[in-house]
1. In what sequence, highest mean first, do 247-259, 274-286 appear when ranked by Cβ atoms within 10 angstrom?
2. Can you give the relative contact order of segment 255-398 as a percent, counting alpha carbon pairs under 8 Å and 6+ residues apart?
3. For Tyr114, Tyr260, what's the fewest-to-most ordering of other Cβ within 10 Å of each Cβ?
4. Return the whole-Å distance between the Cα centroid of segment 236-289 and the Cα centroid of segment 2-17.
5. May I ask you to evaluate 6.51 cos²θ - 1.76 cosθ + 1.60, the Karplus curve with θ = phi - 60°, for each residue of segment 333-340 and list the ³J(HN,Hα) values in order in whole Hz, giving x for glycine and proline?
6. For the chain, what is the charge dipole size about the Cα centre, in debye to the nearest 20, if Lys and Arg each add +1 at the Cβ and Asp and Glu each add -1 at the Cβ?
7. Around Gly154, what is the net charge, scoring Lys/Arg as +1 and Asp/Glu as -1 over all other residues with Cβ under 11 Å from its Cβ?
8. So in segment 8-248, what percent of DSSP beta bridges are antiparallel if you round to the nearest 5?
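No value in this document is a laboratory result; all are computed from the given coordinates. As the structure is a prediction and not an experimental result, all values here were calculated from the model. Reconstructed Cβ throughout: ideal geometry from the backbone, glycine too, with neighbour counts over all protein chains shown.
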Amino acid sequence: MTRSRDVAITGIGMLTPGGRTADATWQAVCQGRSLARTDPELAGLPVDISCRVDEFDPDAVYGRRLARRLDRFAHLVLTTARQAVTDAKLDPASWESGRVGVILGVGSNSLETYEREFTSLGRGRPTAVSPLALPRSLPNMVAGEVALFLGARGPNFTVSSACASGAAAIGVGREMLLSGACDVVLVGGTESGRSRMSATCFAQMQALSRRTDDPAAASRPFDTERDGLVLSEGAAVLVMERPEHAQQRGAQVRALLRGYGSSADAHHPVAPHPQGEGAEQAMRAALSDAGCGIGDVDHVNAHGTSTPVGDTAEALALLRLFRGAPPAVTATKSVLGHAMSASAAIEAALTVLALEHQAIPPTANLRQQAPGRELDIVTDRPRPAALGVALSNSFGFGGQNSVLVLATP
């Protein structure tokens, strides 16, 4: 039964290390094998592994002029936005453009561009700084560029809440629909966390896995031997509409966004609350907003970054919320790596696909969980399951937590 605050998801676009489409990414995560490997662009750094998007040539996709104007995180999201619109069977040439919004999650601006341009400036060569440096690197420009690319003239902005950004953008997009400000919103997130500066900063914080000799075993969420995350990149965009709008135009509803909850740990700049109190609060808020009880939840796509403190906090929050018996859990960063603000949108899209396929993809590299903190984590192969309601968890620096409740139509 559709509720008054439900919104329909009618289109999905994805570009990840798992593939250049949503279906390809789904197949990759169902294989349950990490895609991390040595990254030539990070050669010489303390950690030189990542998960990266291959066989994607922006010059060939967009033409050299547009590709040169944009940075990597914009390259990724334009493709996914176009995929999502096509999947939703929307035609930008005929839609009511002023009623189409674009709200994207972006955790940071482009450190790759700034690294290059600051080098020129630091060497006393200000005239060598590109006039495109500012517009190509501002976080809000990805939403603006998607609007320009597709002709969407409705509300247009980005949301920044670190690694929860993509989920926050989806939550905000829902409110734009419910308020009547839009009839259609394109929501999601994009980021490329593979710049040398990003890799250096995360390494200096001791946040990255040091398993550079065995990259495929590096990301191991909830495993007792986890030692840090693996950087990644990617983008995901979802098309959302009010159910009645989707019905009027005969659109297929892939899933419903039933609830959204957010919270702040107010504990530490980068470390989560050790007991996961903020994560639990966000999950409870999302379920309350959705009108769901804990017994209604069939699956959790965990934030699961593979960091020692982060996974412990999330496990404790899940165990408390579900009274010691959480539903089946997966952690897809074990396969795709951590694409920062894009991960929340990618995982929301994967949760939609899990509901559609009635199957939970496996978590890679899990061998042993900490005694007393065991979750029902799917491993080895996809697990068929009767799925009606699922949570998608996303948490970020600053103690920012966002949780989505997704359901079958």
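1. With the highest mean Cβ count within 10 Å placed first, the list reads 274-286, 247-259.
2. The normalised contact order for segment 255-398 reaches 30 percent.
3. Numbers: Tyr114 18, Tyr260 24.
So the ranking, lowest neighbour count to highest, is Tyr114, Tyr260.
4. About 11 Å separates the Cα centre of segment 236-289 from the one of segment 2-17.
5. Listing the rounded values in order: 5, 4, 9, 8, x, 10, 8, 6 Hz.
6. On the way: 38 positive and 41 negative charges, 115 e Å.
Approximately 560 debye in magnitude.
7. 0
8. Working: 19 of 31 bridges.
The answer is about 60 percent antiparallel.
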